Amino acid sequence: MTGESQSDGVPAEPFPVPPVSFTDAEDRDLVARRFDSADEDAVAALVSMYEDFDPGMRAQGIPPVGEDRIRSWLSTLLESDGYNVVVWDDDRAVGHATLVPDGEDQFELAIFVHQDYQGSGVGTRLICTLLGYGAVEGVGHVWLTVERWNNAAVALYEKVGFETTNAESFELEMERDLSTADVQTESTG
Amino acid sequence: MTAVASVNDAAKAFARPGNVSRMKVLLGIGGSDDSLDALERTVERAVEAGDVLTVAVLDNPESERDAETVIEHATDVLEDADLDADVRHLTGDPGSELVHLAESEGFDQVVLGGGERSPMGKIRLGPIAEFVLLNSHVTVTLVR
């Protein structure tokens, strides 16, 4: 799958590897980096992003509401043997994508982009960078669930190669095999 | 009414029309963790509120515990709480059997587990909960 004809003009593959510097559709200079969970300032910035997250954009109960619940939820993501990429506008965290191991040699994916940065290509850059990161780290099978009415999210997942595996419930299940992904190993950051 | 009623009071008034406090509650559980959590919490509430509780044990092919194990566990939990409640094993299609029982025997409320969590914490409802939510004419509570 190639990504030349996408609506936001951001190609999908080859997936880049973080750090990735880019300018979004609103001319903001942003960078997608591997997340360092030992950096307390970075964790605080990520918590702030989620505290300010539009509650209408929550998906299946996450992110939770309130600093304590957000920190507790994030700690399960950051302390797992998974992979996290955060998009930064200077020192402000504006997007976060994560691969969490499911205990069966597969990874669950989720992506969150702050409402001020949606619709400007940030989500595409972020998910592609996470998939590039995962691919070079040897991640194979990736899956996710998405509420079936969330057309924007479903379109993004399809664009980066996810296919629907179960459409029989409130949530769609989608998956993709990263071992076949085309990765651009030269960093652009 | 002279004082401002708290949200809690309002909720109680809603749940207890005409000061009738006890409800006839049908709890449907399979063998998943959220079912067992719902059992604990529903028994706790039934003891406090004086609810008349029936526990329906469902055959959930997706769960790791079989119906017999769940029935034994439910019986233990009820004994520990000193609560007298029917425990029934519902065979056949779990969602439709539960809805049928709730409606045919005049229950006020159906209670179910609130769904499993994915590794990243997303709430996932199983097919039984989805069926009951969409089909039940009796109020449904999901325990979170």
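The values are calculated or read from the model by the stated rules, or taken from the named source; none is laboratory data. Model, not experiment: these values are computed from the prediction. Positions of Cβ are backbone-derived with ideal geometry, glycine not excepted, and every protein chain shown enters the neighbour counts.
Scanning for something within 14 Å of another protein chain (Cβ to nearest Cβ) and either part of a loop (DSSP other than H, G, I, E, B) or polar (S, T, N, Q) (or both), does the stretch A:171-188 turn up at least one residue? No, the stretch A:171-188 contains no residue that is within 14 Å of another protein chain (Cβ to nearest Cβ) and either part of a loop (DSSP other than H, G, I, E, B) or polar (S, T, N, Q) (or both). For B:Ser32, the test of being small (Gly, Ala, Ser) and either in contact with a Phe, Trp or Tyr (Cβ under 9 Å, 6 or more places away or on another chain) or modelled with pLDDT under 95 (or both) is passed. Do we have B:Gly28 as part of a strand (DSSP E or B) and either among the small types (Gly, Ala, Ser) or under 13 Å from the mean Cα position of the chain (by Cα) (or both) here? So B:Gly28 fits the description; yes. Residue check: is B:Pro127 in contact with an Asp or Glu (Cβ under 6 Å, 6 or more places away or on another chain) and within 14 Å of chain A (Cβ to nearest Cβ)? No; evaluated as a whole, the condition is false for this residue. Pairs linking a residue in the stretch B:106-127 that is farther than 23 Å from A:Met174 by Cα to a residue that is of a type in the set (S, T, N, Q) and buried (at least 21 other Cβ atoms within 10 Å of the Cβ), with Cβ atoms under 6 Å and 6 or more positions apart or on different chains, are B:Val111/B:Thr42; B:Gly113/B:Ser35. A Cβ distance below 6 Å, combined with a sequence gap of six or more or placement on separate chains, defines the contacts here; from the stretch A:100-116, residues that are more than 9 Å from chain B (Cβ to nearest Cβ) reach residues that are part of a loop (DSSP other than H, G, I, E, B) and not aliphatic (A, V, I, L, M) in the pairs A:Gln115/A:Asp54.
B:Gly106: crowded, with 20+ Cβ neighbours inside 10 Å and either within 11 Å of chain A (Cβ to nearest Cβ) or of a type outside the set (A, V, I, L, M, F, W, C) (or both), yes or no? In short, no. Within the stretch A:54-65, residues that are over 14 Å from A:Glu171 (Cα atoms) have Cβ atoms under 9 Å from residues that are outside any helix (DSSP H, G or I) and polar (S, T, N, Q) in these pairs: A:Met57/A:Gln118, counting only partners at least 6 apart in sequence or on another chain.
Just name the residue that is surrounded by the fewest Cβ atoms within 10 Å (Cβ to Cβ) out of those in the stretch A:134-156 that are within 11 Å of chain B (Cβ to nearest Cβ) and closer than 13 Å to A:Phe107 by Cα. Looking at the filtered set, the residue picked out is A:Trp143. Determine whether the stretch A:119-133 contains at least one residue that is assigned to a helix (DSSP H, G or I), free of Cβ contacts under 8 Å to residues at least 40 places away in the same chain, more than 12 Å from chain B (Cβ to nearest Cβ) and touching a helix residue (DSSP H, G or I) at 6+ places or on another chain (Cβ under 9 Å). Yes, the conditions are met somewhere in the stretch A:119-133.
Please determine, by comparing only the residues of the stretch A:157-166 that are surrounded by fewer than 17 Cβ atoms within 10 Å (Cβ to Cβ) and away from chain B (no Cβ under 13 Å), which one is farthest from the chain's Cα centre (by Cα). Please lay out each step first, then the result.
We begin by selecting, within the stretch A:157-166, every residue surrounded by fewer than 17 Cβ atoms within 10 Å (Cβ to Cβ); these are A:158, A:163-166.
Checking which are away from chain B (no Cβ under 13 Å) leaves us with A:158, A:163-165.
On the way: A:Glu158: 14, A:Glu163: 17, A:Thr164: 18, A:Thr165: 20 Å.
It comes out as A:Thr165.
Within the stretch A:32-53, residues that are closer than 21 Å to A:Gln118 by Cα sit with their Cβ atoms under 7 Å from residues that are among the hydrophobic types (A, V, I, L, M, F, W, C) and in a helix (DSSP H, G or I), at 6+ positions apart or across chains, in these pairs: A:Ala32/A:Leu126; A:Phe35/A:Ala42; A:Leu46/A:Leu74; A:Val47/A:Ile70; A:Val47/A:Leu74; A:Tyr50/A:Ile70; A:Glu51/A:Ile70.
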